[in-house]
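Working notes, beginning with the structure itself.
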Amino acid sequence: MPAFRRLFLSFLKLGLTAFGGPVMVAYIKELSVKRNKWLDEGTFNEGVVLCQSIPGATAMQMAAYVGLRAGGIRGALSAYIGFGLPAFVLMMIFSALYVSSHDLPKVMALFSGLQVMVIAIIASATYSFSREILRNYRHASLAVAAALLFWSGVSPFLVIAGAALTGVFLFKYEICNPSPIRRVESHGPVLKKIAVLSGLVVFGLTALFFYDVRLLKLALLMFKVDIFAFGGGFASLPLMLHEVVDARAWMDSKTFMDGIALGQVTPGPIVITSTFIGYLVYGFWGGVTGTIAIFTPSFLMLVFATPFFDRLKSSVFFLRATKGILASFAGLLLFVTVKFSSAVTWDFMRLLLLSVSLTALLRKVDILYVVLAGAALSVIMF
């Protein structure tokens, strides 16, 4: 069993270059299966299926899964924290700089261009996500219905819950290929450790209540976003947008897009935008609270679900509900693309930047290179 320090340092090093979101899963496999042999390939592949079936950023979940299989819950925490720490530190620094300098002309020009690139990034993600998920007219119909409901003001959390229920019936006659239950694990020790972790979470929330109830509300909001974020980090964007911009008016769409842009020039998952939101709303401790809260529920779900995964993936009801949820996220991402597009004042130069960026992303150019090139061009063009 690898030392916890080794897990932490290995994933910390990997987290420094964790650009590309789910693309990092391949690098995690190289680190854990081929280089260190902490897991065999079959166990790793099971983890990929599990992490795509539960909420949370896929790459972060895979880091925790590797740590869990290699070193138990302490190993999972070591890998999880190590992998996400570089993104958190950089986002806190960028958020502080944003607050102090975002009104300067060159900075405004930079973000004017980056907002266009955020639309290109989300449009690309919508296309890729939809191409994989929307396999027939049933999936497409559910996606369109989700987009229309979101547009009409229905809470995305209700849309997702409704899509899960609809999926159970709508995909009744589709082949879901449930897997047979192959092994039974002892769940007692795991459940005790999960109870301890859950107790620590309750303690933390109670402490926030007495320290600053505003931080408690921020934490609960991010908890809710993470719990419903099936389909990876991009799935959290419609939920964050609704809660932060529409429901609470903590910031406008353009500022929210600036946070996403900063998230794309830092390593780690796009949900690190929660750090930016927390910092802008409640300062340093808001950034810390927002970050911890956006990653905690999905981590607990991963730890809880791993021993039960064989039973989970054998349930046709779970598989149908998951199909419904993923179809709804395709519709919600489409809505976010339209919503963000309406917040930009379009002209020829912005349309040109959008076209070039979107083309590059669809041709699989590394997202970091696209963002950096777009940032440089924005200062010149705007």
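General observations
- Some residue of the range 342-360 being in contact (Cβ under 8 Å) with a residue 60 or more places away in the chain, surrounded by 20 or more Cβ atoms within 10 Å (Cβ to Cβ) and either touching a strand residue (DSSP E or B) at 6+ places or on another chain (Cβ under 9 Å) or closer than 28 Å to ALA164 by Cβ (or both): no
- Within the range 335-362, being of a type in the set (Val, Ile, Thr) and touching a Lys or Arg at 6+ places or on another chain (Cβ under 8 Å) holds for one residue alone: VAL344.
- Among residues of the range 235-260, those that are closer than 18 Å to LEU220 by Cβ and part of a helix (DSSP H, G or I), counted: 10
- Applying the condition of being among the hydrophobic types (A, V, I, L, M, F, W, C) and outside any helix (DSSP H, G or I) to the range 362-382 and asking which residue is farthest from the chain's Cα centre (by Cα) yields PHE382.
- If you go through the range 207-243 and keep only what is over 11 Å from the mean Cα position of the chain (by Cα) and hydroxyl-bearing (Ser, Thr, Tyr), you end up with just TYR211.
- Test: residue in the range 294-314 that is closer than 23 Å to TYR98 by Cα, at pLDDT 85 or above and among the aromatic types (Phe, Trp, Tyr): no
- Filter result (buried (at least 24 other Cβ atoms within 10 Å of the Cβ) and either in contact (Cβ under 8 Å) with a residue 60 or more places away in the chain or not in a helix (DSSP H, G or I) (or both)) within the range 274-285: THR275, PHE276, GLY278, TYR279
- Taken over the range 130-165, residues that are of a type in the set (Phe, Trp, Tyr) and closer than 17 Å to ARG320 by Cα amount to 1.
- Test: residue in the range 263-272 that is without any contact (Cβ under 8 Å) to a residue 60 or more places away in the chain and in a helix (DSSP H, G or I): no
- Put simply, of ALA96, ALA125 the only residue that is surrounded by fewer than 22 Cβ atoms within 10 Å (Cβ to Cβ), within 29 Å of ARG350 (Cβ to Cβ) and hydrophobic (A, V, I, L, M, F, W, C) is ALA96.
- Out of THR359, THR345, one residue alone is of a type in the set (Ser, Thr, Tyr), in a loop (DSSP other than H, G, I, E, B) and modelled with pLDDT of 80 or more. It is THR345.
The values are calculated or read from the model by the stated rules, or taken from the named source; none is laboratory data. Note that the structure is a prediction, hence the values are computed from the model and not measured. Positions of Cβ are backbone-derived with ideal geometry, glycine not excepted, and every protein chain shown enters the neighbour counts.
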